[in-house]
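*Asks:* Dropping the structure in here first, questions after.
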Amino acid sequence: MKDDLKFESIFLEILADLYDAEKQIIEALPKLIAEADSELLAGALQLHLDETKEQVVRLETIFERIGEQPGSGRSEAMLGLISEGEKSLGKFRKSPALDIALIASAQKVEHYELAAYGSACRLAEMLGQEDALELLQDTLEEERTADENLAEVAEGILTGDDAAAEDSGEEE
């Protein structure tokens, strides 16, 4: 019984971290969209910005359903990832090199989210939080898709075949 309370506490900490992380992403993405050289990259980032806003709503729904508040903590990991990505803006002007740097930074963010949402899903399942699990799985799938889309855009930029990357992005 004591361990269940500890697991629930970990679950809430992960959710609070994700909530702040998503809010930081919403704040950072418009600047990255504006700096992107590739229209395809700007579009992929805009799509993810729109999804991220929905992900925040899902997290708020989870907190509401379990009778908790998101808290006021700061996701230090996300703060570091975003800060690292923003350094690229000063190193490169609008160019394919900047786009690749932005994609690398965005994929680091995605991989962090994949790990955190994966952990949250496992804990939700273990704690019998079926409603939360369903919402978290929806977001986890969006994060996987965003990571795959970014990889396709990067491949198109690196091979000079943006049209092929755009075609593959439209099929999804």
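Read the figures in this text as sums done on the coordinates, not as results from a lab. All values derive from a computational prediction rather than experimental measurement. We place every Cβ from the backbone using ideal geometry, glycine too, and count neighbours over all the protein chains shown.
*Asks:* For segment 2-170, with the dipole built from +1 on Lys and Arg beta-carbon atoms and -1 on Asp and Glu ones, taken about the Cα centre, which of L89, A44, I10 lies farthest toward the positive end?
*Replies:* Going by the Cα projections, it comes out as L89.
*Asks:* Let me ask something additional. Dipole of segment 41-84, Cα-centred, from +1 at each Lys and Arg C-beta and -1 at each Asp and Glu C-beta, to the nearest 20 debye?
*Replies:* So the dipole magnitude of segment 41-84 works out to roughly 40 debye.
*Asks:* Here's another thing I want to ask about it. When we measure straight from the Cα of K87, which lysines land under 22 angstrom away, once same-chain ones fewer than 8 places off are left out?
*Replies:* Within reach: K23, K31, K108.
*Asks:* Would you mind calculating the relative contact order of the chain from Cα pairs under 8 angstrom and at least 6 residues apart, reporting the percent as a whole number?
*Replies:* The value is 26 percent.
*Asks:* I've got another one for you. Could you give the dipole magnitude of segment 114-166 about its Cα centre, charging the beta-carbon of Lys and Arg +1 and that of Asp and Glu -1, in debye to the nearest 20?
*Replies:* 300 debye
*Asks:* Let me ask you something else. Under 14 Å Cα to Cα from K53, which aspartates and glutamates show up? Leave out anything in the same chain fewer than 8 places away.
*Replies:* Counting by Cα, and skipping residues close in sequence, K53 has these aspartates and glutamates nearby: D20, E22, E27, D138, E142, E143.
*Asks:* Take the alpha-carbon positions of segment 1-48, form their convex hull, and give its projected area averaged over all directions (one quarter of the hull surface) in nm².
*Replies:* Hull-based average projected area comes out at 3.8 nm².
*Asks:* Rounded to two decimals, what is the ratio between the C-alpha radius of gyration of the chain and 2.2 N^0.38 Å?
*Replies:* Scaled against compact globular proteins, the figure is 1.10.
*Asks:* Loop sites only, by DSSP: take the trypsin sites (Lys or Arg not before Pro) in the chain that have at most 15 other C-beta atoms within 10 Å and name the longest stretch containing none of them.
*Replies:* It runs 95-172.
*Asks:* How big is the dipole moment of the chain about its Cα centre under a simple scheme where the beta carbon of each Lys and Arg is +1, that of each Asp and Glu is -1, and everything else is neutral? Debye, nearest 20, please.
*Replies:* In debye, rounded to 20, the chain gives about 980.
*Asks:* Set the Förster distance to 41 Å, then compute FRET efficiency between S95 and M126 from the Cβ-Cβ distance, nearest 0.05.
*Replies:* Rounded to the nearest 0.05, the efficiency is 0.30.
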